[in-house]
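Peer 1: Sharing a structure here in structure tokens format.
The values are calculated or read from the model by the stated rules, or taken from the named source; none is laboratory data. Every value quoted in this text rests on a predicted model; they were computed, and no experiment measured them. Because the Cβ atoms are built from the backbone with ideal geometry, glycine has one as well, and the counts that use them run over all protein chains shown.
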Amino acid sequence: MFDKERKEIILIGPVGAGKSTIAQLLSEVLKIPNVDLDHIAEKYYQENGFSSDEFSKVNHEFGFLTAYRQWWPSLAYAVERVIDEHHNCVISLGAGHSHYEDRELFNRVQKAIIPFTNVVLLLPSPDLDLSVQILRERSLSQRGIHWKPGGYDFIEHWIKDDCNHKLSTLTVFTEGKSPEQTRDEIMQRVCL
């Protein structure tokens with residue numbers, strides 16, 4: 001199903017880390033398409049039986065956390081499908097596509113990503129508490145969302161749990177760097 005080794009760049013990280021911006025910059029320099037899973041995932045969610053409409057219904061009836069956890073199989077499926085369908089491109093995964101409390105789903109995503117030699121985790125800082133603070137402030141100022149529905153701290157989870165760290169082949173810290181400087185660092189460090 002997957003190539004033995006793939007050189008495309010996959011960007012992962014928490015919400016607000018800069019994945020979409022950096023993916024676009026890398027795409028322009030490398031002259032290859034940019035595939036942002038957040039922008040194309042709905043068809044995969046529908047194929048797996050849990051569309052955004054279904055998410056909204058469960059969210060309305062049972063709350064965001066219940067809806068999010070029921071959505072996990074579709075998030076994992078979307079990762080598998082985007083990797084299977086898209087080659088010779090830069091791929092960015094939304095924050096939720098690389099985090100699962102369900103280890104079986106995480107293992108599926110990890111298995112799908114294993115062939116990639118360039119899985120870049122974007123974080124603001126090596127200080128994880130500072131990264132949480134920076135991304136919370138960024139999310140509040142840019143989106144008006146604190147990411148703590150029902151007391152569950154998504155930003156802290158996305159930064160501190162082991163999922164992204166296990167999936168990534170390298171980590172790039174962005175605080176104090178322009179998007180172009182971050183792009184250039186990635187270009188120097190990946191194996192193309």
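Peer 1: Out of all the residues in segment 118-138, which are surrounded by fewer than 16 Cβ atoms within 10 Å (Cβ to Cβ) and touching a strand residue (DSSP E or B) at 6+ places or on another chain (Cβ under 7 Å)?
Peer 2: Hit for segment 118-138 is Pro126, nothing else.
Peer 1: Count, please, the residues in segment 155-192 that happen to be within 19 Å of Pro115 (Cα to Cα) and part of a loop (DSSP other than H, G, I, E, B).
Peer 2: Residues flagged as within 19 Å of Pro115 (Cα to Cα) and part of a loop (DSSP other than H, G, I, E, B) within segment 155-192 amount to 5.
Peer 1: Moving on to the next point. Considering Leu105, Leu65, which residue is aliphatic (A, V, I, L, M), touching a helix residue (DSSP H, G or I) at 6+ places or on another chain (Cβ under 8 Å) and at pLDDT 95 or above?
Peer 2: The unique qualifying residue is Leu105.
Peer 1: If Glu28 satisfies every condition in (1) crowded, with 16+ Cβ neighbours inside 10 Å; (2) part of a helix (DSSP H, G or I) but one, which is the exception?
Peer 2: The single condition Glu28 does not satisfy is (1).
Condition check ((1) touching a residue at least 40 places away in the same chain (Cβ under 8 Å); (2) farther than 19 Å from Pro179 by Cα; (3) out of contact with any Leu (no Cβ under 6 Å at 6 or more places or on another chain)) across all residues:
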site: Pro33; (1), (2), (3): yes, no, yes
site: Ser92; (1), (2), (3): yes, no, no
site: His97; (1), (2), (3): yes, yes, no
site: Ser141; (1), (2), (3): no, no, yes
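Peer 1: Given the residues Glu175, Glu180, which is the only one that is farther than 24 Å from Cys89 by Cβ, exposed (fewer than 14 other Cβ atoms within 10 Å of the Cβ), modelled with pLDDT of 95 or more and out of contact with any Leu (no Cβ under 6 Å at 6 or more places or on another chain)?
Peer 2: The conditions single out Glu175.
Peer 1: State all residues of segment 138-150 that are within 19 Å of the chain's Cα centre (by Cα) and more than 26 Å from His60 (Cβ to Cβ); if no residue qualifies, say none.
Peer 2: Answer for segment 138-150, where residues must be within 19 Å of the chain's Cα centre (by Cα) and more than 26 Å from His60 (Cβ to Cβ): just Arg138.
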